[in-house]
Amino acid sequence: MKLVMRAAYAAGILATGLALSTGAVNAQTKIGALYPFSGGLALLGDESFRGLELATEERNAAGGVKGQPLQIVKGDAVDPNQAVGEARRLTSVDKVTVVFGTYSSSLSLAATQVTELAGVPYFELGAISDPITERGFKNLFRSNPTARDFAASMVDSIGEAIAPALGVDAKSLKVAIIHEDSLYGQTVAGYQTKRAQEKGVNVVETLPYSAKSVDLTPVILRLKSANVDVVLQTSYQNDTVLFFRQAKEQGFKPKAVMGAGGGYSLRETMEAVGAANMEGALNVDFTQYKTNVAAAPGITEFVAKYKAKYGIEPRSGHSLANYVGAKIFFDAMASAKDFSAPSIRESVLKVDLPVGATASGWGAKFNEAGQNTRVSPFVMQWQGGELVTVFPAKAAVTKMKTGLGSN
Amino acid sequence: MDVLIQLLINGIMLGSMYAIISVGLTLIFGVIRVVNFAHGELLMIGMYAVYLLCTKLGLHPYVAAFPVIVLLFLVGVLIQRFIIQPLLDADEHIQIFATVGLSTALVNLALMVFGADLYSVTSPDIRVTVKLGTYNVLVGQLVMLGAAVALVVGLHAFMQNTALGRAIRATAQNRNAALLMGVRVNQIYIITFGLGAACVGLASALVSPLFPATPTVGTYFVLTAFVVVVLGGMRSMYGAFWGAMIIGLVDSLSAYYIAPDLKEVVYFAIFILILIFKPTGLFGFGRGTE
């Protein structure tokens with residue numbers, strides 16, 4: 001018995017020693033990946049994670065950060081509660097150097113509270129709610145555009161893209177803002193209204209409606225009676241489908257309709273509405289794949305890498321946004337003095353990439369709040385059943401069409 | 001004036017959609033008094049079934065109605081037999097929670113099988129706009145109005161004039177007395193629930209071409225359906241029909257003249273007022289019958 005015990009001890013000591021020595025040879029930098037991997041948000045959560053995974057593999061193939069390979073530790077954040085729990089685990093048990101995330105704004109708002117207190121840098125690559133970076137956090141940085149950027153892009157494109165395409169004065173266009181009335185729609189529409197006032201855009205109707213509406217005919221009749229030329233809609237999927245169908249049925253033909261991502265970006269929406277009826281619908285969102293390489297160098301290579309690893313086309317622009325963001329922050333980590341939070345902050349604030357330097361066309365320059373100020377979403381348009389970038393001119397792959405529906 | 005008439009037409013069409021969905025609930029909730037919170041999910045099941053029959057077998061949505069009606073009848077029978085019946089003597093709250101649980105389970109099952117995306121039946125011949133002068137209405141909406149009227153008249157006649165209909169009414173009025181009169185109460189419950197669900201089957205075939213199927217589509221309609229049934233006085237088919245028309249018209253008019261996001265406020269305010277002044281609903285049988 002004694003012999004057995006002694007043998008066991010010896011084995012234990014040996015094993016520990018081995019583990020320590022391999023640890024010394026392959027010092028790895030652990031990074032947390034906090035996304036919704038299960039539950040209702042899982043599809044786009046996983047799509048977002050793929051961008052981080054590709055960026056990490058690319059980095060490791062090139063020798064890692066400061067000569068250390070990166071090791072991803074996943075955290076599954078299904079809801080805000082679990083986001084908090086997983087953020088605690090990542091920072092205290094797994095002791096990750098930094099955390100990446102999160103796709104959803106409510107998850108990001110919850111998880112970043114934990115990492116900020118723990119003094120661990122958090123890199124947000126995809127959540128768009130503005131308040132995330134408006135809480136005075138020191139260790140939180142965001143690479144992607146926010147709801148305010150979406151709203152500004154939509155309002156600005158009336159004067160910069162739509163009016164020139166129609167050959168009219170922007171002031172002569174009657175604009176309506178319609179939106180679903182939950183937090184998402186309220187937020188974007190609020191920023192739109194403000195921006196429209198600043199830019200002197202003629203907003204004639206602002207109509208909130210419930211995303212659970214089974215009938216939007218009254219909304220459409222109001223737009224029709226007000227002779228609206230341009231409709232800005234912030235919507236989910238069901239209400240987008242309903243709007244397009246009922247607009248056609250009521251013979252409402254505005255000169256332009258523009259969505260704020262959401263339901264407008266999804267292929268299923270186009271299929272339910274019908275490619276012919278969706279023809280010409282404009283949309284503002286993260287960079288998608290039918291974008292001019294001149295404005296987004298590396299986008300083709302990204303798609304090739306994605307297809308090689310996962311065997312399918314990217315399912316949405318989320319992977320690209322996360323890939324680009326992760327690369328920016330890996331570079332910042334590499335040029336930091338060490339991996340302490342203050343050094344990383346110092347290094348992130350020094351990042352200076354001009355617009356058009358990354359695969360999503362974004363630049364990078366972070367303000368004191370940690371928000372990237374050189375990002376803006378592109379304007380896309382449904383043409384022939386594809387969502388193609390049409391504005392700004394450098395990113396465009398084709399000319400913007402006017403009107404709605406191909407018949 | 002033009003807009004007003006278009007809104008009225010739209011309201012009537014919306015009302016007929018609410019009517020056809022609420023008729024089944026009138027049987028289940030109004031007649032046999034099972035508070036079925038999974039009613040909306042029956043509609044969801046029906047809509048997915050119609051979608052599958054249309055896309056996989058190439059059936060026309062209206063043809064798909066027949067198998068879907070049978071399917072939903074069977075689903076209703078199973079729910080009554082295996083979920084409600086064991087709880088029939090239990091507290092009413094237990095029944096409510098059982099159907100709430102069923103509803104949650106079905107929504108999540110649909111999320112698992114179909115995902116969160118919406119599925120739409122392509123039916124160009126149903127979504128054709130018919131011009132009534134300068135006003136627009138869809139073929140599918142006219143069919144729905146016709147079907148709602150036919151269903152309500154048919155069910156009313158069935159309830160009044162057939163032995164089974166009388167047995168259902170007897171069971172609704174007093175379960176024990178009906179039992180003493182030789183009515184097989186458990187069977188009546190099963191058949192009534194099945195019929196109620198079958199009506200939803202018809203509704204789902206008519207709604208599918210106009211409205212895409214999602215796992216949560218039932219929640220869009222279920223609250224309105226309860227309002228319609230209560231407004232109509234619980235057990236009256238005609239009551240449910242007129243209740244649905246009122247809600248449809250109020251919905252359409254208030255969304256235009258007041259604000260689209262306040263239409264629910266308006267019709268719930270009207271609903272509360274009606275309950276205050278006529279607690280048994282517009283077509284109720286007077287106090288004491290509830």
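How many percent of all Cα-Cα pairs in segment B:20-222 sit more than 21 Å apart?
54 percent
Test of understanding: ordering A:ASP79, A:ASP338, B:ASP89, A:ASP229 by Cβ neighbours within 10 Å, fewest first, what list do you get?
Fewest-to-most Cβ neighbours within 10 Å comes out as B:ASP89, A:ASP338, A:ASP79, A:ASP229.
Dipole magnitude of segment B:20-222 about its Cα centre, charges +1 at Lys/Arg Cβ and -1 at Asp/Glu Cβ only, in debye to the nearest 20?
420 debye
Between the alpha-carbon centers of segment A:331-357 and segment B:150-181, tell me the distance in whole angstrom.
77 Å
Along the Cα→Cβ direction, 7 angstrom out, place labels at B:VAL100 and B:GLN85. What is the inter-label distance in nm?
It is 2.6 nm.
By counting other Cβ atoms within 10 Å of each Cβ, how are B:LEU43, B:LEU57, B:LEU142 ranked from fewest to most?
Ascending Cβ contact count within 10 Å gives the list B:LEU57, B:LEU142, B:LEU43.
State the Cα centre-to-centre distance between segment A:179-198 and segment A:49-119 in whole Å.
One Cα centre to the other: 31 Å.
If I fit a long axis through the Cα atoms of helix A:318-335 and take the longest principal axis of the Cα atoms of chain A, what angle between them do I get, 0 to 90°, rounded to 10?
For A:318-335 against chain A, the angle is about 50 degrees.
What spacing in nm lies between the two simple spin-label points modelled at A:GLU386 and A:ASP94, each 7 Å away from Cα in the Cβ direction?
It is 3.8 nm.
Taking the beta-carbon count within 10 Å as an exposure proxy, list A:THR187, A:THR389 from fewest neighbours to most.
If I rank by nearby Cβ atoms, fewest first, I get A:THR187, A:THR389.
Which three extents, in angstrom, do the Cα atoms of segment A:264-358 have along their principal axes, listed largest first?
Largest to smallest, the principal-axis extents are 55, 28, 25 Å.
If amide H atoms are built 1.01 Å from N in the plane of the peptide, which residues on other chains or at least 5 residues away come under 5 Å of the amide H of A:PHE391?
A:VAL379
Just to be sure I understand the curve: with the Debye formula and one point per C-alpha of chain A, what is log10 I(q)/I(0) at q = 0.10 Å⁻¹?
-0.68
Working from Cα positions, state the angle (0 to 90°, nearest 10) between the long axis of helix A:341-350 and the longest principal axis of chain A.
For helix A:341-350, the angle is close to 40 degrees.
Taking the simple approach of a point 7 Å from Cα along Cα-to-Cβ for both A:ASP79 and B:GLN160, what is their distance in nm?
The modelled label-to-label distance comes out at 5.0 nm.
Compare B:LEU25, B:LEU275, B:LEU151 in a GNM of chain B, Cα atoms joined below 10 Å, and give the one with the largest fluctuation.
Residue with maximal mean-square fluctuation among B:LEU25, B:LEU275, B:LEU151: B:LEU275.
Among the trypsin sites (Lys or Arg not before Pro) in segment B:179-265, which ones are in a DSSP loop with at most 15 other Cβ atoms within 10 Å of the Cβ? Mind listing them?
Loop-located and lightly packed - B:ARG184.
Efficiency by 1/(1 + (r/R0)^6): what FRET value for B:LEU57 and B:LEU223, r their Cβ-Cβ distance, R0 = 35 Å, to the nearest 0.05?
For R0 = 35 Å, the calculated efficiency reads 0.60.
Using bins 10 angstrom wide from zero, how does P(r) for segment A:347-387 break down, in % of all Cα pairs?
Going out from 0 Å in 10 Å bins, segment A:347-387 shows 29, 39, 19, 12, 1 percent.
For segment B:55-73 and segment B:233-248, write down the distance between their C-alpha centroids in whole Å.
If you average the Cα positions of each part, the centres end up 27 Å apart.
Treating the angle as unsigned and between 0 and 90°, give the value, to the nearest 10°, between the Cα long axis of helix A:299-310 and the longest Cα principal axis of chain A.
Long axis of A:299-310 versus the principal axis of chain A: about 60 degrees.
Kindly identify the protein assembly as shown as rounded, prolate or oblate by the Cα gyration tensor criterion: order the square roots of the eigenvalues as a ≥ b ≥ c, call it rounded if a/c is under 1.5, otherwise compare a/b with b/c, prolate if a/b is larger, else oblate.
Oblate is the answer for the protein assembly as shown, as a/c is 1.5 or above yet b/c matches or exceeds a/b.
Just so you know, all these numbers are worked out from the coordinates, no wet-lab data involved. Since we're looking at a predicted model, the values are computed, not measured. Glycine also receives a Cβ, built like all others from the backbone with ideal geometry; neighbour counts cover every protein chain displayed.
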